[in-house]
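Asker: Sending over a structure as structure tokens; questions will come in a sec.
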Amino acid sequence: MARFGRLGFLLVLLCLAVAGCAGRQYPYAPVISVSDRCERLFERWHLSVEAKGRMDVQDWSPPGFPYLRVDRFLASFDLTGLSPPQRRDWLTRSHTKAVTAWRYELQGGPPEADQLLADLRACSQQAITAFSSSAEFWPALQQAATVPDSYSTTAQVFGLYPLVTPIVRWRASVTMGELAHRFGRYDVQSGWRRYGPVPERSGAKAAPEPYRRDSLGIPVFSEDEFRALVQRHAPSWRIDTRDSNDVPGVPGRSEDGRLQFRPEPVVFTQLGFTFLDGAILPQLTYVLWFPARPPEGVVDIYAGALDGVMWRVTMDQAGQALVYDTIHPCGCYHQWLLVDGGLRLRPDVDPEAEQLWVLGSMPGGSVAPVLSLSAGDHQLVAADFSGQPRRRVKTQTYRLEALDRLRGATHAGGRLYGADGLIAGTERPERFLLWPSGVVSAGAMRQWGHHAVSFVGRRHFDEPFLLNQYFTLP
């Protein structure tokens, strides 16, 4: 009986590993630097949103500091070495993230949600005032602010990760090599449909050169400056359209938990930041969603509900593109496009060993590209930076929306993202093959901040030092 008990325990752990249950956990911890009343308020809020399934996990909530939220970029700062002005700017950004998350978490909440939000902000101010005037809290915050990665160590242990890594590496090389070979050689199957951004308003200007920066060195944009920058780099899309699965739109979920999709020409945007040679540079990500990736045969381990493409532009201090990269919302198929005069791979980097997939180099300049996507699997098959209009091609305009729009209640009434950062219902059969890599539910769509982009090693799409690690300026 004891032997069976031990075996059962191991089987349970193995099932947990296969399921990829390594999503971020937000344990409640005693709140630092607030009154007893405020601590009870934060505890009540935490229990409420957790019980109702409204927890927004895009950013990390440091245990003990519920009035702050951090992403990997903010967490990368040496908090104990900040000057007083830098502390204030860091706290402002971190608290703004917390307030944003609360707004989404309180959607669909109690009737007194607005008052609760006001009370949370008032209590937060106590802590922020104390933090701004004292250095004693910062070492604890430095430790708590470390963002957990999106990999399951448990799955890697039970999956004998060191033994399966060569197989995973080989399979990834084959798959990405096939995609690279198809780039620029794709034969359209059904016919192109083209989508372009709404034309820029007359008199609109790009972001100033150089950017204004706060005391941390982070670029600061006014609303008009940011809108102009997003417009400037917004790509056009040329999609081989075989059926409704190749028509872009807006994902959602009904209140009964079913995924819904509304066909609509919309591209979602996300602002991020990265470090390069000591400078902080802005990154713009454009996200195009599709209703599904349909099966290509009787058995297709990559098929499932929802699919999409994420296209990211990293800009220099003058707003010019330095490098492009792209993934799908599952974190899969991470590919790079270099820019003439932009970033180059470091001489000591072996792309094959590092699993870096570079499609080629494109002309420099400020022209936004036309990106061509294949039918069905929505892979990037061409990128045209010529800026020359194509004749006899009808273009439908698309609308730009913030990716944050999908964080709370969606158009169908329910919430798209779960408390694990994944989109339930988008699971792929490939997860049963790739679970030893540690990637949680490989192939499933996920929320910003949860994109593991490599099955070998640990790498994230929003890693702030990713460029420094692999690239350099000429």
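Asker: For segment 3-59, give me the residue count where each residue is at pLDDT 85 or above, hydrophobic (A, V, I, L, M, F, W, C) and touching a Pro at 6+ places or on another chain (Cβ under 7 Å).
Answerer: The qualifying residues number 1.
Asker: Just checking, how many residues over segment 369-382 are assigned to a strand (DSSP E or B) and open to solvent by 20 Å² or more (accessible area, probe 1.4 Å)?
Answerer: 1
Asker: Considering every residue within segment 258-272, establish whether at least one is of a type in the set (D, E, K, R), over 23 Å from ASP377 (Cβ atoms) and modelled with pLDDT of 95 or more.
Answerer: yes
Asker: Can you name the number of the only condition in (1) open to solvent by 70 Å² or more (accessible area, probe 1.4 Å); (2) touching a residue at least 60 places away in the same chain (Cβ under 8 Å); (3) out of contact with any helix residue (DSSP H, G or I) (no Cβ under 7 Å at 6 or more places or on another chain); (4) closer than 23 Å to ASP36 by Cβ that ALA130 fails?
Answerer: With respect to (1) open to solvent by 70 Å² or more (accessible area, probe 1.4 Å); (2) touching a residue at least 60 places away in the same chain (Cβ under 8 Å); (3) out of contact with any helix residue (DSSP H, G or I) (no Cβ under 7 Å at 6 or more places or on another chain); (4) closer than 23 Å to ASP36 by Cβ, ALA130 is out only on (1).
Asker: Do we have any residue at all in segment 452-471 that's of a type outside the set (A, V, I, L, M), under 16 Å from TRP289 (Cβ atoms), part of a loop (DSSP other than H, G, I, E, B) and in contact with a strand residue (DSSP E or B) (Cβ under 9 Å, 6 or more places away or on another chain)?
Answerer: no
Asker: Which condition number does VAL147 fail, the rest of (1) touching a residue at least 12 places away in the same chain (Cβ under 8 Å); (2) open to solvent by 40 Å² or more (accessible area, probe 1.4 Å); (3) part of a loop (DSSP other than H, G, I, E, B); (4) not small (Gly, Ala, Ser) being met?
Answerer: Condition (2) is where VAL147 drops out.
Asker: Only one residue in LEU416, LEU434 is of a type in the set (A, V, I, L, M), within 19 Å of GLN58 (Cα to Cα) and either buried (at least 17 other Cβ atoms within 10 Å of the Cβ) or touching a Leu at 6+ places or on another chain (Cβ under 7 Å) (or both). Which one?
Answerer: LEU416
Asker: Name the single residue, out of those in segment 234-258 being over 24 Å from the mean Cα position of the chain (by Cα) and acidic (Asp, Glu), that is surrounded by the fewest Cβ atoms within 10 Å (Cβ to Cβ).
Answerer: Residue satisfying both the conditions and the ranking: ASP256.
Asker: Oh, and also: Looking at (1) without any contact (Cβ under 8 Å) to a residue 40 or more places away in the chain; (2) in contact with a Phe, Trp or Tyr (Cβ under 7 Å, 6 or more places away or on another chain), can you tell me which one ASP224 breaks?
Answerer: (2)
Asker: Oh, and also: Identify, from the list GLU50, GLU105, GLU43, GLU112, the residue that is open to solvent by 20 Å² or more (accessible area, probe 1.4 Å), acidic (Asp, Glu) and under 16 Å from ALA419 (Cα atoms).
Answerer: Working: GLU105 fails: open to solvent by 20 Å² or more (accessible area, probe 1.4 Å); GLU43 fails: under 16 Å from ALA419 (Cα atoms); GLU112 fails: under 16 Å from ALA419 (Cα atoms).
Testing whether each residue is open to solvent by 20 Å² or more (accessible area, probe 1.4 Å), acidic (Asp, Glu) and under 16 Å from ALA419 (Cα atoms) leaves just GLU50.
Asker: Still on this model: Give me a count of the residues in segment 442-474 that are on the phi > 0 side of the Ramachandran plot and open to solvent by 20 Å² or more (accessible area, probe 1.4 Å).
Answerer: The total comes to 1.
Asker: Looking only at residues that are of a type in the set (A, V, I, L, M) and closer than 23 Å to GLY413 by Cα in segment 260-276, which one is farthest from the chain's Cα centre (by Cα)?
Answerer: VAL266
Asker: Working only within segment 98-117, note down all residues that are more than 29 Å from the chain's Cα centre (by Cα) and either at pLDDT 90 or above or not in a helix (DSSP H, G or I) (or both).
Answerer: PRO110, PRO111, GLU112
Asker: Take segment 293-317 and flag every residue that is open to solvent by 20 Å² or more (accessible area, probe 1.4 Å) and in contact with a Phe, Trp or Tyr (Cβ under 9 Å, 6 or more places away or on another chain).
Answerer: Within segment 293-317, ARG293, PRO295, GLU296, ILE301, ALA305, GLN317 meet the criteria.
The values are calculated or read from the model by the stated rules, or taken from the named source; none is laboratory data. Given the structure is predicted, the values throughout are model-derived calculations rather than measurements. Glycine gets a Cβ as well: all are built from the backbone with ideal geometry, and neighbour counts include every protein chain shown. For the accessible areas, the whole protein counts, side chains as well, though only heavy atoms, and no ligand, DNA or RNA atoms are used. Shrake-Rupley method; radii C 1.70, N 1.55, O 1.52, S 1.80 Å.
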